[in-house]
Amino acid sequence: MERDVWRRVAPTLNPWPGADVVGKALRDGAKAEGVVLASDADAQGMLAAPDAKAESMAVGAQPNPCCMGTEAETDTAVVAGFVEDEQAEKRQLQALARQAPLWARQTLWGLVSQAAARARRLLAVYYLITGEAYSPAVCAEKIYVGKWLPALRERYHSAACTAMNYARAADGTPDPCLGDLFRDLSADAFEGAEAVSRVLERALVG
């Protein structure tokens, strides 16, 4: 109230000159001790909002160092490609099993189940990495198997190549857990190739 009166009577005069002296002394002493007063901090922008680097350290903003996390995101297209390959292999084996001799059908239907299981594992992995469900392409095209022995030969080479591709993907991925999965799938595909080889051996001897 008194300050308002002084401003009307003599606006150029300071009604409490000692207050400015004391305030200056406090600020000078604080600076000498390395203390930043609130008013000085505001003037220097030191009480501004956290910078982008601080915000990046918030929970959920950091790269995920765990399995099937950000390290595996570079391999999502590889995983999707393997899903499509396994789906195609399953269809080929189904067509072959339907036309196979009775003694070979159980083995071939077992290989169908293995290809389907590998596809399911890959679909789960895709979701773990991306948080999105992958929808494989739907193929309505009729499959022509052809002759028995050439068809077996084709399925052997397909399974062996798939196994090799899994092994290469395991060596190339930066995610250790995805690498382990690819190695498991590689071993499983190699077992499938060996099973086709044994069917071919029996087919050759009649």
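The set of residues from region 70-91 being charged (D, E, K, R), touching a helix residue (DSSP H, G or I) at 6+ places or on another chain (Cβ under 8 Å) and either closer than 25 Å to Gly110 by Cα or open to solvent by less than 30 Å² (accessible area, probe 1.4 Å) (or both) comprises Asp75, Asp85, Glu86, Glu89, Lys90.
Can we say Gln114 is in contact (Cβ under 8 Å) with a residue 24 or more places away in the chain and crowded, with 16+ Cβ neighbours inside 10 Å?
Numbers: in contact (Cβ under 8 Å) with a residue 24 or more places away in the chain: yes; crowded, with 16+ Cβ neighbours inside 10 Å: yes.
So Gln114 passes the test.
Checked against (1) closer than 14 Å to Val78 by Cβ; (2) charged (D, E, K, R); (3) surrounded by fewer than 14 Cβ atoms within 10 Å (Cβ to Cβ), Lys147 passes all but a single condition, namely (1). Can you run down the residue pairs with Cβ atoms below 9 Å, 6 or more apart or on separate chains, where the first is in region 128-140 and surrounded by 10 or more Cβ atoms within 10 Å (Cβ to Cβ) and the partner is small (Gly, Ala, Ser) and in a loop (DSSP other than H, G, I, E, B)? Partner pairs satisfying both residue conditions: Leu128/Gly69; Ile129/Gly69. Checked against (1) open to solvent by 50 Å² or more (accessible area, probe 1.4 Å); (2) modelled with pLDDT under 95, Asn165 meets all criteria but (2).
The values are calculated or read from the model by the stated rules, or taken from the named source; none is laboratory data. From a predicted model like this one, the values you see are computed outputs, not experimental measurements. Glycine gets a Cβ as well: all are built from the backbone with ideal geometry, and neighbour counts include every protein chain shown. Ligands, DNA and RNA are stripped out before the accessible areas are found, and what is left, the full protein with its side chains, is counted by its heavy atoms. Shrake-Rupley method; radii C 1.70, N 1.55, O 1.52, S 1.80 Å.
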